[in-house]
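A.B. asks: Questions regarding the structure given below will be posed in turn.
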Amino acid sequence: MKLLILILTLAFTGCATYPTPLKQAKNVPPERVYLQLLDEPKTSKIVVVRDLGSAGGIHRIENHLYIDGKRAADLEPGERLDLAMAPGAYVLGILPTYWSGDGEMYTIETTLRAGVTSYYRIMQVSPGPLKIQPFSIGE
């Protein structure tokens, strides 16, 4: 019985992630950034950071970031995406893709303000799906 409890504990905690320190996060390579922003005033900034850790273990293949229903980028663990955007309301989503197909998209609504940098974290709390949520860096 103790062995079963140990195995279950390791299985569930093996999927959890932990925050990537912002200064240590690597930029997403340009070949994995798909969003084409229009030529409009871009006075807001958004920074999305992908947690370190397994986030799905060996079954996860890719994690796609969407902004307003458009694929923006694919972030690997420990990577960040910085975008200058127009102020306004947006829907951010994260869609994991597994060997067996797409998982469920998790979305949040956000409003970007002029002159403000907004920070978001792609994370997983075990057990559970990937999520995207705002975070503060203490500025």
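A.B. asks: What residue, among those in segment 119-132 that are within 11 Å of the chain's Cα centre (by Cα) and more than 26 Å from residue 41 (Cα to Cα), is modelled with the highest pLDDT?
C.D. replies: 122
A.B. asks: For segment 67-117, what are the residues that are acidic (Asp, Glu), closer than 22 Å to residue 24 by Cβ and in a strand (DSSP E or B)?
C.D. replies: 74, 79, 82
A.B. asks: So, one more: Quick check on my filter: what residues within segment 66-118 are within 18 Å of residue 19 (Cβ to Cβ), among the hydrophobic types (A, V, I, L, M, F, W, C) and either over 16 Å from the mean Cα position of the chain (by Cα) or surrounded by 15 or more Cβ atoms within 10 Å (Cβ to Cβ) (or both)?
C.D. replies: 75, 81, 92, 94
A.B. asks: Filter segment 20-49 for residues that are in a helix (DSSP H, G or I) and free of Cβ contacts under 8 Å to residues at least 40 places away in the same chain; which is farthest from residue 80 (Cα to Cα)?
C.D. replies: 31
A.B. asks: Out of everything in segment 1-25 that is in contact with a strand residue (DSSP E or B) (Cβ under 7 Å, 6 or more places away or on another chain) and surrounded by 12 or more Cβ atoms within 10 Å (Cβ to Cβ), what residue ends up being modelled with the highest pLDDT?
C.D. replies: Among those residues, the one meeting the criterion is 25.
A.B. asks: Next up: What's the number of the only condition in (1) in contact (Cβ under 8 Å) with a residue 40 or more places away in the chain; (2) within 23 Å of residue 27 (Cβ to Cβ) that residue 134 fails to meet?
C.D. replies: (1)
The values are calculated or read from the model by the stated rules, or taken from the named source; none is laboratory data. Keep in mind that this is a model prediction, so the values were computed, not measured. Ideal geometry is used to build each Cβ from the backbone, glycine not excepted, and the neighbour counts take in all protein chains shown.
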